Every structure is written in structure tokens, then in C-alpha cells.
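Here the structure comes first, spelled out in C-alpha cells, and everything after it is commentary.
The values are calculated or read from the model by the stated rules, or taken from the named source; none is laboratory data. Here the structure is a predicted model, which is why all the values come from computation and not from measurement. Note that each Cβ is placed from the backbone with ideal geometry, even for glycine, and that neighbours are counted across all protein chains shown. Just so you know, the surface numbers come from the protein's heavy atoms only, side chains and all, with ligands and any DNA or RNA stripped out. Shrake-Rupley method; radii C 1.70, N 1.55, O 1.52, S 1.80 Å.
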Amino acid sequence: MPKAHVYGDNVDTDRIIPGKYTKTLDLSTLAAHVMEDIDPDFSKRFIAGDIIVAGDNFGCGSSREQAPLALKTVGVSLVIARFFARIFFRNAINIGLPVLEVPLHKIQPGDELSFDLALGKIINHTRQEIYQATQLPPVMLNIMQEGGLVPYLRKHKDFIL
Amino acid sequence: MIMQPQTIAEKILSKHAGYPVYAGELCVVPVDGAMATDTTAPLAIQAFKEMGGERLAVPDRFHLIIDHAAPAPNERIANLHQMMRSFATETGCHFYDIGSGICHQVMVDHHRVRPGEIFMGADSHTPTYGALNAFACGVGSTDLAAVMLTGKIWLKVPSSIRVNLHGHRLQPGVSAKDVVLEVVKQLTISGANYQSVEYHGELLHHLTLSDRMVLCNMVAEMGAKTGIVSPEGLQLPYNFEPVFADKAATYTRVLDIDTTDLQPRIAIPHSPDDVHDVSTYAGTPVTYGFIGTCTNGRLNDLQAAAAILKGKKIASGVRLVIAPASRQVLIDALQDGTLQTLIEAGASIINSGCGPCVGTHDGVPGDGEIVISAANRNFRGRMGNPRSEIYLASPATVAASVLHGRITLPVQTD
Ligand code: SF4
């Protein structure tokens, strides 16, 4: 079952993927350096499918889409934060990295979690708790359900509010 | 339908949507201009092609700029630059090669964004154009690809925070950078998330376009979606229709800041909202000063540094790197002698562009180094080395500090 990797407030995009590695279209370079400054053991502990849990304002700073892309490439199945920085939030949904804003939760490192994106529900199996995420605007939920903005626009050709 | 009073953001978005929209509502709006840099364009071009894109919705309103790692520091980046050059040729969009300057300065220098317009830039400091009374947002590459393809974007109309800047004059040695650092301190790094920061107050009548750009630039460090300066006192070399907020518009928060006695401010490592008086940190040794960026790389910034360094030499063991914000700034600073003064004082002048701001090239600090920078971000590792520390201040404070090799107030005491 996916495990939680827990971080604090204001994790900026330079901490997710330093600017010096972002100038590439090679996703494996991004994946090799994801979270390395903030958590040098990340790549050792992280198993594809695991979940990142953060506090306030996750992904603040630059507009680099390499940040959510790097997380998606290593296999992050969901990022939970109390709230996200706005550009990161849009970017994540646009590239098909699931994100949920959960204002109240007591998730601890290593907790085992499962989730339902459409319902915005997260089950903490370790603590036997259920958390409810903030509702997404329908256009964002649709983009997320289509797997990102590329498949969404290929299908719909235009935005549907 | 009775129109409710509106903020500037609500007015600009309503005009583009074709019907009145208010904070919290979703809308799809046409975009007047869009831009991507060498950090964000390659992914945007890739996403555009994956969306089935062949032709840009409006080639004349799309701009590609090489500024973040310019000239290319290695073959990987050189090839990404080549990809951008070919795409520009294929699609007929505007293209600005190395040396043109920082995307935001170039857009303003070339009048690519004007009052009342909506601009989407694939760079987080795009709200800088709010200085021009425009609605400008930073977006990621895939959102930008959708703009390239459709000419439109979907947005949630932001609520607004009103910042009233009171006072008619700043103290000597105090600049718009010190004012905005104070605003960042008060609003914090996430205090304006999803919102528009709208600037008002008497001080606006005394602020230049460059000052206004500083105010809007650092709304990115408040988490804001956009920042917009009310058009009082805005002077431009062309005619425009200013967009004012309605008197009774709704704000989520009103901040009143008396700027009359504001002292020089400094953000200490590792967050732009950890702001203090420069005097509190005076004496902290520094070995590296940087003046440039979309925040403080304009002519008046270089002039402020030159005024302090004229006829003097920076302290031994200290280096000063200067990156003019654009080719126009470089030419102006060359013509009026500012560059000569700075070079004689010991500064290294580098290509106009982002320079060492984002840690890709052109002046990465060493382990344990303390940098004083006129940029906007001091996150750990921002300049390419997580074992260095970055203080953020005005160009005048940076200049005074490299002169003495320690953090120094920019007012003459000797
Ligand atoms: S100067 Fe720095 S902050 Fe401004 S656009 Fe370039 S990298 Fe970004």
C-alpha cells in the first residue's frame, strides 16, 4: 500500500527540482534529482506509487513544470497539501499528476494511505481515519480525469467550464 | 443586470469575457499576449505538438525568449535553444535571442503588453506587467501550450488584496525594492495565494514605470496570481485607456503602509518574506554581490549602484556581478557612463539576461559563501549551490555592501 512521505510548509520548486537541472526534456534527469536537497535519502526510501504529503503552499516559487513532472516521473501517485501554490497546482493537474488539497489531516511519515480522486477522499489505514479534500472546480476535475491538459484538449479542442 | 463595483482584475477579465465576472467565478478569456523562455518553452513546444498543434492561434502575439541560460552553458541547453529557434522560424512568432534581455524587461521595452490587456507568461514573474495596469499571470508550460493553440485560457477570477502606499517621498537610500520587501513581509510567502495584489495610494504619483515593475514583480513572492498598479501617475509613450478600480470594490484585505519613514529592508536566508531592517544585519560579511534580474536590473538600478561606487573600489576579496536587464538597459548604461563607473569600481558586467539569478550559469556561489543580491528569491540553492546563503536587498544596499565587504546601509555615513 502507498506510504506517506511527509514534508513541511513552503516547499518551493527549487527544493523539488533545482533550477540547474530543469533545462532538459529528458525526464530521467529530472527524476534523478527530485527532492534531493530537501531529502537526500528520498530516492532510497521512495517506492513508485507512494504519496507526498506537505503542509501549506507546496510548490511555491518558479513556474517550472519540471517540478510536478519530476514527481510524476518517479511515480508519485498523489500529492496532498493543506494548500498548493497556484502555478504548481495548475501545472500538476495539467500534466496529470494527481493533487488534493486537504486542510485538515494527521498524516505521519510512513502512514499507509489509499485515495479516491473523484470523491476527493483519502483513507489513512494506519490511523483508521478518513480525510475530505477541497472540491476542485469542474474544469480542473475534468482535466485531471482525462489525464492532463494534452489529452483533454485533443479530445475537446476547447475549454468547457 | 446591475453591475456590482469591481476591482481592476475583475474589470479587465470582464471586458475580455464579454460579461461581468467577479471573484471566485470561472471564465474563459482571450489572451492578448503570451511568452515562454528557454526554461519553459521546450516543454511548451512539446505539449503544443502533442495537443495536435501546428499553427499558433495568433503568431504575432506569441514571444519566445532565450534569457535564462544565455548564452548556452553546455550542449544540452544549446540544443534546446536550437529547438526554440526552429520553432520560431516555423511558426512566425516573435523571437528574441541571447543578449536581448530578461523576458519581462523585453516585453515591456518592446511594448508587447499594454494597459488593460491580459498576458500569460510561462514564467512566475509575469505579474511584473501589472506595472502597466495589465492583468498578467505566470503559468506553466502546458497551460501556455493551450494558449498557443487556442489563444485562450480558463481562469478563476481572483479576489484582491488592496495595498495602499501612503506618503509622498521615500527616505534617501530607500527605493521601490524596500517598499515591496515590506509588502512581502506583511503578506508572507503565501499570503496572496490565488489573489490579485492591487496597489493604490499617494506614493503612486511619484513612482516611475521601473518602480512599478518592482512592486508587481515580487507579488510572485507573495504567492499572488497577479499584481496590478492603479494607473494614477502612470506615464507611457503612447495613448492608453487606464483601468481604475471602483471605489466600493470588494477586497479580502486592505493593507495600509506609510512609506515616509520606511528604512532599507533586507530579506535574509532562505525566504523572501523573512524581511528585516538592513541595520539589524549590518556588518554581516559578504563576498559576492549581484545586481540584475527582472526585479532590479534596470537603468535606475545600475545608476543607484554607480552613485555609491563612483570613484571607489569594491572591497578586496569581494566580487560584484552585474547583468543589465535588457539590451536597451545595457546601451543606456553604456551611453551615460554608468557602466564605466561600475567597471572601474571592480564590477564584472555579464550578458543581459537572467545571469546567476536561477543558478544555471554565469556566477554560481561557492560553499559557505554569503551573497547579497538585488534579485527576488533567496530559496536555498536558488543560485545553484544549496551550501550558500542569499540576502535580498535593493541595488543601493548591494553596492554599499560590496564596497565594504559587509552588509551596509546605503546612506552615506563617511
Ligand atoms: S531574472 Fe531571475 S526571476 Fe527574473 S525571469 Fe530571470 S530567472 Fe526569473
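Structure notes:
- Take the Cα of residue B:83, step 7 Å toward its Cβ, do the same at residue A:126, and the gap between the two points is 3.8 nm.
- With a simple spin-label model that places each label point 7 Å from the Cα along the Cα-to-Cβ direction, the separation between residue B:316 and residue B:263 comes to 3.3 nm.
- Shown in residue order for segment B:95-101 are the 3J(HN,Hα) couplings computed by the Karplus curve 6.51 cos²θ - 1.76 cosθ + 1.60 at θ = phi - 60°: 9, 10, 8, 3, x, 5, x Hz (x for Gly and Pro).
- Pairwise centroid distance, computed over Cα atoms, of segment B:69-92 with segment B:94-127, Å: 18
- Surface share of carbon and sulfur [accessible, 1.4 angstrom probe, percent] for segment A:1-97: 54
- Mean separation of Cα contacts under 8 Å (6+ apart) over length of chain B, as relative contact order %: 18
- Rounded to the nearest Hz, the phi-derived 3J(HN,Hα) couplings of segment B:255-265 under the Karplus curve 6.51 cos²θ - 1.76 cosθ + 1.60 (θ = phi - 60°) are 10, 10, 10, 8, 8, 4, 9, 4, 9, x, 10, where x marks glycine and proline.
- The alpha-carbon atoms of the protein assembly as shown define a convex hull whose volume equals 142 cubic angstrom per residue.
- Peptide A:148-159 is shielded by partner chain Cβ atoms: per residue, an average of 5 of them sit within 10 Å of its Cβ.
- Approximating the spin labels as points 7 Å out from Cα along Cα→Cβ, the residue A:43-to-residue B:55 distance works out to 4.6 nm.
- Counting charges near residue A:67 (Lys, Arg +1; Asp, Glu -1) among other residues having Cβ under 11 Å from its Cβ returns a value of 0.
- Accessible area per residue for chain B is 34 Å², calculated with a 1.4 Å probe on protein heavy atoms, without ligands, DNA or RNA.
- Built amide H within the under 5 Å cut-off of residue B:194, gap 5+: A:86, B:225
- Within 10 Å of each Cβ in A:75-87, the average number of Cβ atoms from other chains: 3
- Relative contact order computed over segment B:260-356 (Cα-Cα under 8 Å; 6+ residues apart), in percent: 28
- Per residue of peptide B:224-233, the mean number of Cβ atoms on other chains within 10 Å of the residue Cβ is 0.
- Annotation: amide H-H contacts under 5 Å for residue B:153 (H modelled 1.01 Å from N, sequence separation of 5 or more, or interchain): B:29, B:31.
- Inter-part distance where segment B:167-204 and segment B:375-414 are each reduced to a Cα centre, Å: 19
- Residues of segment A:1-92: accessible area per residue with a 1.4 Å probe, Å²: 30
- Among B:292, B:142, B:226 the positive-end extreme of the charge dipole of chain B (Cβ point charges): B:142
- Protection proxy ranking, peptides B:156-167, B:333-344, average beta carbon neighbours within 10 Å, highest first: B:156-167, B:333-344
- Carbon and sulfur %, accessible surface of segment B:131-173 computed with the full protein complex present, 1.4 Å: 52
- Solvent exposure ordering (accessible area, 1.4 Å, most first) of B:253, A:64: B:253, A:64
- Heavy-atom accessible area for residue B:109, with the other protein chains in place and a 1.4 Å probe, reaches approximately 50 Å².
- Global geometry of chain A, whether rounded, prolate or oblate, following the gyration tensor of its Cα atoms and the 1.5 cut on a/c: oblate
- The residues of segment A:1-26 occluded by other protein chains by 20 Å² or more of accessible area, set against the chain on its own, are A:10, A:12, A:14, A:15, A:20, A:23, A:24, A:25; surface from heavy atoms, 1.4 Å probe.
- Excluding ligands, DNA and RNA and using a 1.4 Å probe, chains B and A jointly bury around 4000 Å² of accessible surface, summed across both partners.
- Of the trypsin sites (Lys or Arg not before Pro) in segment B:332-414, those whose Cβ has at most 13 other Cβ within 10 Å and which sit in DSSP loop: B:387
- Helical content alone sets the calculated 222 nm signal of chain A at -8000 deg cm²/dmol, taking -39,500 (n - 2.57) per DSSP H segment of four or more residues and averaging over every residue.
- Portion, in percent, of the accessible area of segment B:313-414 that falls on carbon or sulfur, probe 1.4 Å: 50
- Remark: segment A:1-68 carries a charge dipole of roughly 180 debye about the Cα centre, counting +1 on each Lys and Arg Cβ and -1 on each Asp and Glu Cβ.
- Taking the Cα centre of chain B as reference, the dipole from Cβ charges on Lys and Arg (+1) and Asp and Glu (-1) amounts to some 200 debye.
- Magnitude of the charge dipole, the protein assembly as shown, Cβ model with Lys/Arg +1 and Asp/Glu -1, debye to 20: 480
- Accessible-area loss of 50 Å² or more (1.4 Å probe, protein heavy atoms, chain alone versus all protein chains) is found in segment B:353-386 for B:379, B:380.
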